[in-house]
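The values are calculated or read from the model by the stated rules, or taken from the named source; none is laboratory data. Note that the coordinates shown come from a computational prediction; the quantities given were computed from them, not determined experimentally. All Cβ positions, glycine included, derive from the backbone under ideal geometry; neighbour counts span all protein chains shown.
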Amino acid sequence: FYLTPPQVNSILKANEYSFKVPEFDGKNVSSVLGFDSNQLPANAPIEDRRSAATCLQTRGMLLGVFDGHAGCACAQAVSERLFYYIAVSLLPHETLLEIENAVESGRALLPILQWHKHPNDYFSKEASKLYFNSLRTYWQELIDLNSGETTDVREALINAFKRLDNDISLEAQVGDPNSFLNYLVLRVAFSGATACVAHVDGVDLHIANTGDSRAMLGVQEEDGSWSAVNLSYDHNAQNEHEVERVKMEHPKSEEKSLVKQDRLLGLLMPFRAFGDVKFKWSIELQKRVIESGPDQLNDNEYTKFIPPNYYTPPYLTAEPEVIHHKLRPQDKFLVLATDGLWETMHRQDVARIVGEYLTGVHHQQPIAVGGYKVTLGQMHGLLTERRARISSVFEDQNAATHLIRHAVGNNEFGTVDHERLSKMLSLPEELARMYRDDITIIVVQFNSHVI
Amino acid sequence: AAGMFLRLLSDLQWRAAHPKWRGMTSPRRSTSTTAEPHPVSLPAQAQVVICGGGITGTSVAYHLSKMGWKDIVLLEQGRLSAGTTRFCAGIVSTARPMSIELKMAHYSNKLYQQLEQETGVPTGYTKTGSLSLAQTQDRLISLKRIASSLNVMGIPCEIISPKQAAQLHPLINIHDLVGAMYVPEDALVTSANVTLALATAASRNGVQIHERTSVSHVTVQKGRVTGVETDRGRIQCQYFVNCAGQWAYELGHSGEEPVHIPLHACEHFYLLTHPWTEPLSSSLPTVVDPDGRIYIRNWQGGILSGGFEKNPKPLFTEGRNQLEIHNLQEDWDHFGPLLSSLLRRMPGLEALQILQLVNCPESFTPDMRCIMGESPTTRGYFVLAGMNSAGISYGGGAGKYLAEWMVNGYPSDNVWPLDLKRFGPLQSSRTFLRHRVMEVMPLMCDLKVPRWDFQTGRQLRTSPLYDRLDAQGARWMEKHGFERVKYFVPPGKDLLDLDHSKTFYKPDWFDIVGAEVKCCKEAVCVIDMSSFTKFEISSTGDQALESLQYLFSNDLDVPVGHVVHTGMLNEKGGYENDCSIARLSKRSFFMISPTDQQVHCWAWLKNRLPDDSNLTLEDVTWKYTALNLIGPRAVDVLSELSYAPMTAEHFPSLFCKEMSVGYANGIRVMSITHTGEPGFVLYIPIEYALHVYNEVMNMGQKYGIRNAGYYALRSLRIEKFFAFWGQDLDAFTTPMECGREFQVKLEKGTEFVGQEALLEQKQNGVYKRFTMFILEDHDTDMDLWPWWGEPIFRNGRYVGKTTSSAYSYTLERHVCLGFVHNFDEKTGEELVVTTDFINQGEYEIDIAGQRFQAKAKLYPFSSLFTQRRRKDEVELSGYQRE
């Protein structure tokens, strides 16, 4: 079984999306030029999600990747809801009041976010009312709390993450009279998702990370070479600080059982996540919710299973670690990706491949004849060769696609091997997950003219 | 480095050739290029100051001085023939699709040919001939159309086979060719030297030439040029000529009163090679391969080859920019596709060694035609620029026309297609120009089929109904920035995409337009005609009437509420404009003219109306949406909507009344249609447009109303033999020559412009006559369609050209309109054309070399009319140009 290059391309490009920040009068005044994103599923259906949106009532752009586990429900919910929580957390008091008044009097609402969505990125219609009500309760509380202080981005991000996770948990505890929604909120709460979110506003870049997705800055050195700067720490067993944190939060007696086989309680790879109430609720709460829940939930062995050595919940938090970075002229792009990418590629290679992709063509030395003896035929050959080189780079119109092509198809020499690519992409559904994970990538390009 | 070589080259030649001339300006050119004091100071005043020492500037100076104007100063910011002229490829080619361009190129060729003899300056003029190659049948058709035009002008020209082409130029690979056109008298020149020769001759005639003098701006008082400010002081002058090439736009905007000269520069590349091992003959014809987007000429034993790429690089959008000038480098990657094309055409050249790739910016205009004429707002400010990479081919002829314009008040031929006044401020946006020239430059090589539309710079001016019409399947074209509907594609019907719809044969919209025409004839159609130019002229007393009586040939002293069709004529009796004027009250008039008259007509009236604060002229184009209700049931629709009787007794033809339509009051309804079908035009204040449109469409439903576009309108007006200004009528056509005597009231009691000329024509007869031709043996499905510009033959001899054509769905035949002349068989002198002369001939129309029999008629088919009307009622005028 063999996929032709066009077939490979159609698989790789099925989910690709590009957004260019609109120019005004031929000039882009934003620090972001635009972004490319793409996903390649290994799970069926894919458990990764991605989101991108421009904040309309404050400045800045939000981008995030979400890696779901135990189903995609939680990742889906977070991808729909988290940016609203962040945007609301960033809003000044007056705007919150204005919005609340609008809702109260049934007037049209100020739009808060402008989404940049691929057609395959869907929002749940059924839950929108429920989600909206939770969000409204949040901003009402913010209004009541009115601290009068200007909103700090770091705090806003942390609050938003925590609040959303809290709402997910509450919604599952309260349930919903509508049986479809009731099952949905339970699935969201019992599945889990990591999140890696970037907020870019001018030269201020904030990364909020929960879990083992990763944010990486592509930096161009003075000699033109590329290097990678991590803007997030993985929350998993490889991160000593994270292991330390978990151990600190629980009695000494649990030290041995907390992390087993590099997993939290021997079960969970990420040490921080949304949802996953199995690692957050007390045993009694879990049992009560499951018993009163729908049959489907009761039939599911996974949800009924209580983790071993479960004494002092919660064991898991959605609180993100936030890193602030002031963009410099040499910071050319940001890569947000789920662990599916980082498992297969070193960040240094990612920086190089994206960097060369984004600038490769422009940096090709122009040809000058000068005083040399060059014939028309020689020049023609030279130009044809250059064009061929450019077109192979430009087979991908999207940096994220280009990166996935390398992640899946790279051979031992670090170049894309079509045969390998074809094999990897034609794996049957049930086998795919064994060779690779879902991959979701967002590549944000910065505007050096403004920074 | 790109410029250096050529600069040295032409300087050397210059020094060798012009010892005399050198003495007349300054000795500085023999030394280095460092700044030196200017030995000759600028005069304090002159009659004419020309800015720009390129081919256009020197050509204007040359022709002005030849015509007897001596007090002329030519200023050049650098050195003569710098700029685009120095670098241009030096090809003089007459193979041009437009007749006026063809005439200019022909004249240039003849001028350059004798220039060396006249001035003693070697111009490098070599008659090499040119070969235009066709890779496709469509291209061959377009070449055949040009060949027909060249032939009737007496310019030798042949359509030849690929094999014959190979005999004329042994290096051509002919495997992919279907044919070629050979023009043996096309030539090559050294463009810099042609410029120097023109300058030399002008200088001998008294023109003062000052180099290294740059114009900062032109001073204006009371709408007239008064002088020029330069970096070396001020010159008072009556006339200023902007020949600043790619800087003309900026210079136009530098003064207090901007002169809008819409052009934009693009980088243009060509390749120079070392001589071939056996140097190529200097008599090898120039090869133009439009399908390959390239031209190739012999150059000093090697070749010079450039082209017009699909992805041009516009520059200087933000004005002159030192950085950009500096960055004008060779871009081989950009030139790559053209090089491939060159080697495909001449594979034998592979071993030829590269000398350099020259980057020479050229300026392009929004419609691919050059810009000449007087500013509509500043009298005495003339322009000649925007040569669209054909400066050498057009320079001579264009300079002559502009000189005639300045000296005589108008050139010796109709140059409206090139007139600066076809543009206004609306084409002057930098963004628009940048986008449009990126489309225009590739178009230099693209196939030009009938009725193609520009794709960039669109949706600028739109009717309030635009979205409504668009949602109903409207397909759009643009005129003077205004979107107008061509036709409506019915739901479920697909048309070809843009590239595939290009054809010289029956177009894919044939049946669609047929259905719209049928509806106009049998029921009722709505056409949005909001683009037309609308002026209001009013006064406190009789000033408006008196002025209009003087400026228009028909009698405007009609009862209030009457509409008059009339020409706005020049002194020679020619149409400057053709319009409908409604008398709104004793003292105010509403005037409707063609869309592209907005700038020209305004300037014409402004310059001629008395300077009287009690007389006001207002452009109200934007205030009204115009809906044309055409068809026998228009009466019913309108009377139901207004509860007013609309029958001929109550609302006769050529009548104007304000009334209510639906809820909207104050709708100006006129019983004219521009096509001769019964119907009305509604002038609706724009805020009512949607309401009235909706009402009309709802009410019209039971009468079978539908939308229609301009293509239907054109078919209707042409089968009715209605001339349109800009298409059929121009400043060289009088009412007498197009059967419009009834619109001229020679005895109206007041004098009017053109009266004398018309009286003379009335006595002596006319020298051309507007005639309608019905093609007899033309197969609509199989044969090439006529367009306009096709030669007309009478008894086998050329007598004129068509000006417009359309398929008549009623006659089921093609109808062409055009002018018949009577050239003396021996001398070629123009003789009087009589009715008998027209009626007693056997006619043929030449479409791309193939002749079709045609029946000539001087009057429209009366049987086509659904109801009988008075003759002067049916001879309505119309206004638009396809």
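Of the residues in the range B:346-367, at least one is facing chain A (nearest Cβ under 10 Å), of a type in the set (D, E, K, R), more than 27 Å from B:Gly457 (Cβ to Cβ) and in contact with a Gly (Cβ under 8 Å, 6 or more places away or on another chain).
Per-residue answers, yes or no, for (1) under 23 Å from A:Thr312 (Cβ atoms); (2) among the acidic types (Asp, Glu); (3) touching a helix residue (DSSP H, G or I) at 6+ places or on another chain (Cβ under 9 Å); (4) at pLDDT 90 or above:
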| position | (1), (2), (3), (4) |
| --- | --- |
| A:Thr210 | yes, no, yes, yes |
| A:Ser213 | no, no, yes, yes |
| A:Leu217 | no, no, yes, yes |
| A:Asn230 | no, no, yes, yes |
| A:Ala237 | yes, no, yes, yes |
| A:Met248 | yes, no, no, yes |
| A:Ser253 | yes, no, no, yes |
| A:Arg263 | yes, no, no, yes |
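Do you know which of the residues in the range B:420-444 that are in contact with a strand residue (DSSP E or B) (Cβ under 7 Å, 6 or more places away or on another chain) and under 26 Å from B:Lys310 (Cβ atoms) is nearest to the other protein chains (Cβ to nearest Cβ)? For the range B:420-444, the residue satisfying everything is B:Arg434. If you go through the range B:153-179 and keep only what is modelled with pLDDT of 95 or more and under 30 Å from B:Gly828 (Cα atoms), you end up with B:Ile155, B:Pro156, B:Cys157, B:Glu158, B:Ile159, B:Ile160.
The residue pairs whose first member lies in the range B:404-427 and is free of Cβ contacts under 8 Å to residues at least 24 places away in the same chain, whose second member is assigned to a strand (DSSP E or B), and whose beta carbons are closer than 6 Å, counting only pairs six or more residues apart or on different chains, do not exist in this structure. If only residues of the range B:249-296 that are of a type in the set (Ser, Thr, Tyr) and crowded, with 22+ Cβ neighbours inside 10 Å are counted, the one that is nearest to A:Val374 (Cα to Cα) is B:Tyr270. In the range B:156-176, the condition of being under 18 Å from B:Glu101 (Cα atoms) and out of contact with any helix residue (DSSP H, G or I) (no Cβ under 6 Å at 6 or more places or on another chain) is met by at least one residue.
Within the range A:137-159, not a single residue is among the hydrophobic types (A, V, I, L, M, F, W, C) and either in contact with a Phe, Trp or Tyr (Cβ under 6 Å, 6 or more places away or on another chain) or within 30 Å of A:Glu301 (Cα to Cα) (or both).
Counting only helices (runs of 4 or more DSSP H) wholly contained in the range B:55-174, the ones carrying 1 or more residues that are β-branched (Val, Ile, Thr) and either within 30 Å of B:Phe732 (Cα to Cα) or within 29 Å of the chain's Cα centre (by Cα) (or both) occupy B:55-66, B:83-87, B:99-119, B:137-152. Applying the condition of being at pLDDT 90 or above and more than 10 Å from chain A (Cβ to nearest Cβ) to the range B:315-343 and asking which residue is farthest from the chain's Cα centre (by Cα) yields B:Ser341. In the range B:538-547, the count of residues that are under 30 Å from B:Asn614 (Cα atoms) and in a strand (DSSP E or B) is one or more.
The set of residues in the range A:272-315 that are closer than 16 Å to A:Glu249 by Cβ and not in a loop (DSSP other than H, G, I, E, B) comprises A:Arg272, A:Phe279.
Is it the case that A:His362 is more than 30 Å from A:Ser51 (Cα to Cα), at pLDDT below 95 and within 14 Å of another protein chain (Cβ to nearest Cβ)? No, not satisfied.
For every residue, the table says whether it meets (1) within 14 Å of chain A (Cβ to nearest Cβ); (2) basic (Lys, Arg); (3) over 22 Å from the mean Cα position of the chain (by Cα); (4) at positive phi.
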| residue | (1), (2), (3), (4) |
| --- | --- |
| B:Gly252 | no, no, no, no |
| B:Ile261 | no, no, no, no |
| B:Cys266 | no, no, no, no |
| B:Glu278 | no, no, yes, no |
| B:Asp291 | no, no, yes, no |
| B:Leu304 | yes, no, yes, no |
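For the range A:201-215, enumerate the residues that are buried (at least 24 other Cβ atoms within 10 Å of the Cβ) and hydrophobic (A, V, I, L, M, F, W, C). Of everything in the range A:201-215, those that are buried (at least 24 other Cβ atoms within 10 Å of the Cβ) and hydrophobic (A, V, I, L, M, F, W, C) turn out to be A:Leu205, A:Ile207, A:Ala208, A:Ala215. Do we have any residue at all in the range B:683-701 that's touching a Lys or Arg at 6+ places or on another chain (Cβ under 6 Å) and modelled with pLDDT of 95 or more? For the range B:683-701, residues touching a Lys or Arg at 6+ places or on another chain (Cβ under 6 Å) and modelled with pLDDT of 95 or more: present.
Could you go through the range A:162-170 and let me know if any residue there is of a type in the set (Asp, Glu) and modelled with pLDDT of 95 or more. Yes - at least one qualifying residue is present in the range A:162-170. Selection of the range A:114-128 for residues being free of Cβ contacts under 8 Å to residues at least 60 places away in the same chain and either in contact with a helix residue (DSSP H, G or I) (Cβ under 9 Å, 6 or more places away or on another chain) or surrounded by 14 or more Cβ atoms within 10 Å (Cβ to Cβ) (or both) yields A:Tyr122, A:Phe123, A:Glu126, A:Ala127, A:Ser128. Only a single item in (1) in a loop (DSSP other than H, G, I, E, B); (2) surrounded by 17 or more Cβ atoms within 10 Å (Cβ to Cβ); (3) aliphatic (A, V, I, L, M) is not met by B:Val558, and it is number (2). Of the residues making up the range B:801-843, just one is acidic (Asp, Glu), outside any loop (DSSP other than H, G, I, E, B) and surrounded by 12 or more Cβ atoms within 10 Å (Cβ to Cβ), namely B:Glu830.
Pairs meeting the criteria (first residue in the range A:366-387 and closer than 20 Å to B:Ile303 by Cβ, second residue small (Gly, Ala, Ser) and surrounded by fewer than 15 Cβ atoms within 10 Å (Cβ to Cβ), beta carbons under 8 Å, at least 6 apart or on different chains) are A:Thr375/B:Ala351; A:Leu376/B:Ala351; A:Gly377/B:Ala351. Taking A:Ser79 as the residue in question, decide whether it is in contact with a Phe, Trp or Tyr (Cβ under 6 Å, 6 or more places away or on another chain) and either crowded, with 16+ Cβ neighbours inside 10 Å or in a loop (DSSP other than H, G, I, E, B) (or both). For A:Ser79, the condition - in contact with a Phe, Trp or Tyr (Cβ under 6 Å, 6 or more places away or on another chain) and either crowded, with 16+ Cβ neighbours inside 10 Å or in a loop (DSSP other than H, G, I, E, B) (or both) - is met.
In the range B:365-396, of all residues being touching an Asp or Glu at 6+ places or on another chain (Cβ under 9 Å) and among the aliphatic types (A, V, I, L, M), the one that is surrounded by the fewest Cβ atoms within 10 Å (Cβ to Cβ) corresponds to B:Ala390. Taking (1) within 14 Å of B:Val49 (Cβ to Cβ); (2) touching a residue at least 24 places away in the same chain (Cβ under 8 Å); (3) not charged (D, E, K, R) in turn, B:Pro262 satisfies each apart from (1). How many residues does the range A:440-451 hold that are under 13 Å from A:Pro41 (Cβ atoms) and either modelled with pLDDT under 95 or surrounded by fewer than 24 Cβ atoms within 10 Å (Cβ to Cβ) (or both)? Count: 0. Here the condition is being surrounded by 21 or more Cβ atoms within 10 Å (Cβ to Cβ), at pLDDT 90 or above and touching a Cys at 6+ places or on another chain (Cβ under 8 Å); of A:Gly68, A:Gly60, it holds for A:Gly68 alone.
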